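Some notes on the structure that comes next.
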Amino acid sequence: MRDLIQTVGDLLSRAPASDDESPAFRPASAWLLVCLMRQLVRQRWLVRIIDERLTPKWDEGEEDGDVPGLEGWTYDFHGRGCCLSSAGEILDVDFHGDEGTTIDPYFFATRLHSLSAPGVPEVRLMALLPGRDLVVSAIRELQNQGLLRHPTSEHVFRLPPELEALAEAAETLDLGSRQAREQSFVLLGDFEALDDSTFAARAREAREARKQWLLARTTAPTSAGDALAALQELLPPDAFVQACARVLSGPISSAMGDAIERLDTLPGVAGGPAVFALLQRLSPEEHHPYSLHAAASYLLRRQFERERVLAAVLAFARVDKVKGYGGNPFDGDFALLALEHAPENALELVRRALRSSVPYCRMRIATVLCVLDTPWSQRELSAALQERAASDAGDSKYLQLALARSQSPWARAIAARWGRQQPPPATAEIGFTHEEVMAANADSWFDAELEKARAWVQRTRIQTPHEPG
C-alpha cells in the first residue's frame, strides 16, 4: 500500500501510475493535500501583496478598500490578519510571522468554495467532500494522524516540510489533458472519477468507502449537515431514511435538526416514526428547542400524532429562559409554527413572542403581523406596545414600526401617539447606548426582516388564530 506523501510527490513528478496496488489512504486525503499546497502558494502571494501594496494603507489606518494596482480586488484587515477578495476568490490569512505558511482550515474551506474557476484538484476535492464542514473534518483527521501540525496551535497547521517545498509544483500541476487526468485518478485511487469499465469494481469499493466515511460523520454536530446532504446523493431513499433514523436515535445534538431537514425534502412520512421518537426524548428543561422545533415542523406538516406534538411544542414554548440564554430564542419560531398549524394555540404563542425578552423574536413576529395587517394582528401589536414601559422604548420600536406601516389609520395613529410620548434616547459620553443603537438602526433592521416575513407569508397557509375554548 502506497504512502500518502510519497504518492503526492509522485503525482507532482509525473511518475507513472500503477494500477495493481491500492493506496492506503482515501483519494479525498490526497486531493486535499494537493489543494492545501496550492493554498500555500496563494497565501504567500497575499503576504507579498500586503508588503508591496498595502503596508502604507495599514500605517495610515485605512483598514479596508481597493487594492492599489490590482483591479477587482479589495482588502480588509481584521484582528491579526487580512482578507483579499475578488469576484473569483476569497483569500483570508492570519499572520503568524512565517510568510503565510500557516493555514487556517476554515479560511481554506471558504476560499475553496469561493473559486469561480477551480482547477481539477479543487473540483475533485469538492466532489468527494461537498461541504465546508466535511473539508474541515478531513483536515482534522489528518491532524489527528500527525500529518498536519503546528508548533503552537491545534487549530491551524502547517504542511510537512517536504510538501511545503513542492507547493509551487502543485500550483503549476497540469491536468489539462484527459490522459494526465486519468493517470492522476489512478495514482491517487480516485476510481470514482474514471469512466472506464476496467476500474468499475474499484470504483464501487471507493464509493462504498466514501459512504462509510460520511456515515461516521453524521453523528458529529459540526459535520452532520454536510454529511447527510452528500449521503442523500449516494443512497437510495430507503437507505437514506435509515441513515437519518440512526442519527435521530443517537446522542441529542444539533445533528438531529440536520437529519430532520434532510428528511423533510423527501415525500411521504417514511421518517415519521423516527422523528416522533426523537420528539418524545426531548425535555424542555434540558434540551435546546432547535431539534424540537424541527421535529414538530416535520410532524405537523404531515399530521403525524398532531395532539401529542402540539403538547410538546407548548411545553418548549412556555420556557421563559432556555439554558444559556437570557430568554427563549425560539419564541418567534413557535409563534409562526402555531399560526400555520395550530390556530387554537396561536394567540398564546404570538403574545409571548411579542413580549419576548429576545429582541429578534419580537421583531420576527412583529414583521409577520405587519405583513398580515388584519384587525386581530393590529390589535395584538397595539396591546403589546402599550404594555411596554417608557424605559423599554428602544426594545419596543419594532412593535411601533409594524403599526406605523399598517394600512389602518387607527394602527398608524397608535404608533404615532406612542412615538410622541417617548423621551429622547439616553446618551453616553463615550460610545453609544443601547437606545441610541436601536434608534439609528431599527428601521433598516426591520425592513430587512420585513422582506423575509413577506416571503414566509406568501408560501405559508396561515390560519386565523382564535381564543381556545
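The values are calculated or read from the model by the stated rules, or taken from the named source; none is laboratory data. In this text the structure is predicted, and so the values were computed from the model without any measurement. Here the Cβ is made from the backbone with ideal geometry for all residues, glycine too, and neighbour counts use every protein chain on show. Each accessible area value is taken on the protein alone, full model and side chains, heavy atoms only, with ligands, DNA and RNA left out. Shrake-Rupley method; radii C 1.70, N 1.55, O 1.52, S 1.80 Å.
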Review point. So how far apart, in nm, are the two label points at Arg308 and Glu89 if each is 7 Å from Cα heading toward Cβ?
Key: 5.6 nm
Check your understanding: Taking square-rooted eigenvalues a ≥ b ≥ c of the alpha carbon gyration tensor, is the range 203-278 rounded, prolate or oblate, where a/c under 1.5 means rounded and, failing that, a/b exceeding b/c means prolate?
Key -> oblate
Practice item. Excluding residues fewer than 8 places away in the same chain, name every one of the lysines whose C-alpha is closer than 24 Å to that of Lys452. Key: Lys397
Exercise for review: Compute the FRET efficiency between Glu261 and Ala239 as 1/(1 + (r/R0)^6), taking r as their Cβ-Cβ distance and R0 = 22 Å, and round to the nearest 0.05.
Suggested key: 0.75
Practice item. Equivalent ellipsoid semi-axes for the range 302-461, as square roots of 5 times the alpha carbon gyration tensor eigenvalues: give them largest first, rounded to whole Å. Key: 28, 19, 13
Check your understanding: Where both partners of a DSSP beta bridge lie in the chain, what percent of those bridges are antiparallel, to the nearest 5?
Key -> 95 percent
Review point. Rounded if a/c is under 1.5, else prolate if a/b is larger than b/c, else oblate: which is the range 147-221, with a ≥ b ≥ c the root eigenvalues of its Cα gyration tensor?
Key: oblate
Exercise for review: Among the chymotrypsin sites (Phe, Trp or Tyr not before Pro) in the range 42-98, which ones are in a DSSP loop with at most 16 other Cβ atoms within 10 Å of the Cβ? Mind listing them?
Suggested key: Phe95
Check your understanding: Could the peptides 301-307, 37-43 be put in order, highest first, of the mean number of other beta-carbon atoms found within 10 Å of their residues?
Key -> 37-43, 301-307
Revision key, fill the gap. Rounded to a whole number, the Stokes-Einstein D of the chain in µm²/s (Kirkwood radius over Cα pairs; 4 °C; 1.567 mPa s) is 50 µm²/s
Point to revise | Leading residue at positive end of dipole, the chain (Cβ point charges), from Ala353, Phe304, Ser29 | key: Phe304
Check your understanding: Looking at the range 227-285, which GluC sites (Glu not before Pro) are in a loop (DSSP not H, G, I, E or B) and have at most 12 other Cβ atoms within 10 Å?
Key -> Glu285
Practice item. Just round it to a whole percent: the fraction of Cα-Cα distances in the range 22-115 exceeding 21 Å. Key: 34 percent
Exercise for review: Please state the charge dipole magnitude for the range 126-247, taken about the Cα centre, from unit charges on C-beta atoms (+1 on K and R, -1 on D and E), reported in debye and rounded to the nearest 20.
Suggested key: 420 debye
Practice item. Mind checking the range 69-159 for GluC sites (Glu not before Pro) that DSSP puts in a loop (not H, G, I, E or B) and that have at most 10 other Cβ atoms within 10 Å? Key: Glu71, Glu154
Point to revise | Only Lys, Arg (+1) and Asp, Glu (-1) charged, at Cβ; the chain dipole about Cα centre in debye | key: 1860 debye
Practice item. Starting from one equal scatterer on each C-alpha and no solvent at all, send me the Debye-based log10 I(q)/I(0) for the range 184-244 at q = 0.14, 0.15, 0.17 Å⁻¹, two decimals. Key: -0.45, -0.51, -0.63
Check your understanding: Given the convex hull over the Cα atoms of the range 198-341, what projected area results after averaging over all orientations, in nm²?
Key -> 9.0 nm²
Practice item. Determine Rg/Rh for the range 259-354; Rg is computed over alpha-carbon atoms and Rh is the Kirkwood hydrodynamic estimate from the same atoms. Key: 0.95
**Study point:** Debye equation applied to the C-alpha atoms of the range 21-72, log10 I(q)/I(0) at 0.13 Å⁻¹
**Key:** -0.51
Point to revise | the range 285-338, accessible area per residue, ligands and nucleic acids excluded (1.4 Å, Å²) | key: 44 Å²
Check your understanding: Modelled label-to-label distance, Arg204 and Gln407, 7 Å Cα→beta-carbon offset: nm?
Key -> 6.3 nm
